[in-house]
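All of the numbers you see were taken from the coordinates with simple rules; none came from a lab. Everything quoted here is computed from the prediction, not taken from an experiment. No Cβ is skipped: glycine too gets one built from the backbone with ideal geometry, and neighbour counts run over all protein chains shown.
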Amino acid sequence: MSSAEVAYCFIVILFAYTLRGGTGFGAAIAMPLLALVVPMKVLVPTWSVLSVVAGIDILRRDYDKIAWADLMPLMPTCLLGIVLGLAFYKLLDSPALARGLGVLVVLYGAFLLRATMRPPQDWQVSPTSIARLSGLIGGAVGTTFGALTSLSFAVYFDAIRMPVDQFRATMSAALVAMGLVRGLGYFGLGEFTADAWLLLAITLPMTLVGIYLGNRIFAELNEMTFRRLVSVTLIISGFALLVK
């Protein structure tokens with residue numbers, strides 16, 4: 001990586017994790033922004049490690065708020081989704097993964113933006129069915145593209161009206177568990193190449209600095225404004241990936 005690309009990665013990670021500190025949400029914007037300068041085959045395994053580190057930071061403070069009974073229904077189909085995601089990840093090359101991520105983050109950003117402009121939806125499907133589908137989609141998409149698992153899980157948590165404090169902790173627990181399993185999968189497939197380890201060595205200190213600042217800045221940021229900022233950033237970065 002050139003010095004300009006390293007500086008760009010530092011700014012993106014610092015921005016994403018500093019914003020994340022106020023609400024526990026928002027680090028997802030870093031993935032498509034980093035994919036503009038880092039090949040997806042290098043970025044995805046690295047991001048699995050960074051997501052685990054970030055999740056552990058929340059869990060060390062909010063472990064007692066994890067809703068274990070609501071988390072467990074996600075896990076069986078999530079594991080199946082991870083297996084499917086590893087197969088797709090191995091099959092696709094970096095440009096195809098980048099274009100796929102671009103499409104997904106545009107849709108994700110539009111979904112989040114729309115959600116800030118309408119009341120919560122009443123679901124007519126059983127929570128168990130939503131959990132199974134959310135786990136399968138979250139595992140497959142998150143493993144294939146390295147991001148956006150939280151969208152699928154959030155649909156389930158919103159459907160069961162999970163309280164905000166439990167939402168943050170339970171989401172982090174789910175993402176840490178998934179990050180560990182899919183990280184082992186990438187390792188087993190030989191995807192932690194020398195370039196991936198080098199990127200991890202560069203970005204891990206950046207992530208730790210971003211987490212440190214994020215826990216101290218933007219604590220009073222209006223959540224609705226914040227979510228709209230994240231949504232617009234995702235849409236813009238997604239289109240940038242599509243035309244890259």
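Mean residue ellipticity, 222 nm, helices only, the chain: the sum of -39500 (n - 2.57) across DSSP H runs of n ≥ 4, divided by residue count and rounded to 500, is -26000 deg cm²/dmol. Between VAL52, ALA174, ALA28, the Cα set farthest toward the positive side of the dipole of the chain (charges on each charged residue's Cβ, about the Cα centre) is that of ALA28. When only Cα pairs below 8 angstrom with a gap of at least 6 residues are kept, the chain shows a relative contact order of 42 percent. For region 3-243, the equivalent ellipsoid derived from the Cα gyration tensor has semi-axes of 25, 21, 18 Å, listed largest first.
For LEU80 and GLU5, the difference between the fully extended length at 0.36 nm per residue and the C-alpha to C-alpha distance is 23.4 nm. Packing here is the average count of other Cβ atoms within 10 Å per residue, and on that basis the peptides 181-188, 63-70, 132-139, 1-8, highest first, run 132-139, 181-188, 63-70, 1-8. Sorting the segments 10-18, 142-150 by their mean number of nearby beta carbons within 10 angstrom, highest to lowest, gives 142-150, 10-18. In a reduced charge model with +1 at each Lys and Arg Cβ and -1 at each Asp and Glu Cβ, the chain shows a dipole moment near 260 debye about its Cα centre. Within the chain, helices built from complete DSSP H runs that reach 20 Å or longer along their own axis (Cα positions) and carry a mean Kyte-Doolittle hydropathy of -1.0 or higher are 3-23, 40-62, 75-91, 94-115, 127-145, 164-188, 194-214, 223-243.
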